[in-house]
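Notes follow once the structure below has been shown.
The values are calculated or read from the model by the stated rules, or taken from the named source; none is laboratory data. Worth saying up front: this structure is predicted, and the values here are computed from it rather than measured. Neighbour counts run over all protein chains shown; Cβ positions are idealised from the backbone, glycine included.
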Amino acid sequence: MLQFQRQDPILHAYIASSPSAENRERLSTELAAAMLCEGGGARPCGQCRSCRKVFHGVHPDILITDPEGGAKTAAIKVDQIRQIVATAHIMPSEGACKVYVLRQADKMNLSAQNALLKLLEEPPRSAAFILAAENPGALLPTVRSRCELLRDSAAGEAPPDEALAYAAEYFQAVCAPQRSALLRWCAAHERDDTQTVQAFLQAARQLLSQKLSGRPDLPQLSDAEAARQLERLELCERYLRANVGIRHIYGLLSVPTAPERDGKN
Ligand SMILES: [Zn+2]
């Protein structure tokens, strides 16, 4: 279970990400419980009145937003975000804050994201936000940069150092002024086995989400390009799960995500 030690700060906005809807729900609930926990030790304690209410789905300060519309067109629309904006400054009924959970936050349309961004930039003290998303890459980099990205821990342990080194090499090639560097790097890895590629993709995603949540690990990448890279890495992971050949995956990775490398962005 997700747990914060007493000394760990809990921020006002998180992206709870997992490919599985069930795991996103679990992660969001644990996070909301941690935000509202009244216990004295690690949060959520799972025992206090507040934790029990959260885990039973009856805490009055948890406000859930779901996408509206049919399965194909479902989206979180700007009116739904406006409702959040209108109530976010109202004090919570029991807890220390109100926790807004956006299920399928990656289905927010652009105007909804922009409306939410304003709120994330100047969050009221009385509100916290959990954006549950299968694909955080669908969120604006500006939205992502205001949130701490939490990935489902069940999705895998920390990638091995070797994979992190691979990923760092990959980003060096992505950022190299000569486009041939990326092509060469990808060509050199075409014969990697599935496990190696999987670990590499996971490590690369991790480096990127650290960058997107404000840690300057990859200073050469702009936020916009980092977001495009993240989207691509997530696509490659889906391809890999669907047994698309490794050569195709590296073929996709070898196409630059930056339209032009001229320092703009
Ligand atoms: Zn508790």
Hey, any hits in the stretch 50-63 for a residue that's more than 19 Å from I15 (Cβ to Cβ), at pLDDT 95 or above, of a type in the set (S, T, N, Q) and within 13 Å of the ligand (Cβ to nearest atom)?
-> yes
Would you pick out the residues in the stretch 112-146 that are in a helix (DSSP H, G or I) and of a type in the set (D, E)?
-> E121
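Check the stretch 91-100 and report whether any residue there is outside the structural domain of P123 (by TED's automatic domain parsing), within 16 Å of the ligand (Cβ to nearest atom) and among the charged types (D, E, K, R). Give the steps one after another, and end with the answer.
Taking the stretch 91-100 and keeping what is outside the structural domain of P123 (by TED's automatic domain parsing), we get none.
The answer is no; no qualifying residue exists.
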Has the stretch 145-153 got any residue that is under 20 Å from F200 (Cβ atoms), touching a residue at least 24 places away in the same chain (Cβ under 8 Å) and surrounded by 19 or more Cβ atoms within 10 Å (Cβ to Cβ)?
-> yes
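Only residues that are touching a strand residue (DSSP E or B) at 6+ places or on another chain (Cβ under 6 Å), within 12 Å of the ligand (Cβ to nearest atom) and touching a residue at least 24 places away in the same chain (Cβ under 8 Å): list them for the stretch 19-45, please.
Correct list: A32, A34, M35, R43.
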Report, ordered by the first and then the second residue, all pairs with beta carbons closer than 8 Å, sequence separation of six or more or different chains, a first member in the stretch 110-121 that is in contact (Cβ under 8 Å) with a residue 60 or more places away in the chain, and a second member that is surrounded by 19 or more Cβ atoms within 10 Å (Cβ to Cβ) and of a type in the set (K, R).
-> L120/R146
Would it be correct to say that Y14 is within 30 Å of A242 (Cα to Cα) and of a type in the set (F, W, Y)?
-> yes
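Which of the residues belonging to the stretch 9-35 are among the polar types (S, T, N, Q) and farther than 27 Å from E122 by Cβ? Full working, then the answer.
Here is the first cut: in the stretch 9-35, the ones among the polar types (S, T, N, Q) are 17-18, 20, 23, 28-29.
Within the stretch 9-35, S18, S20, N23 qualify.
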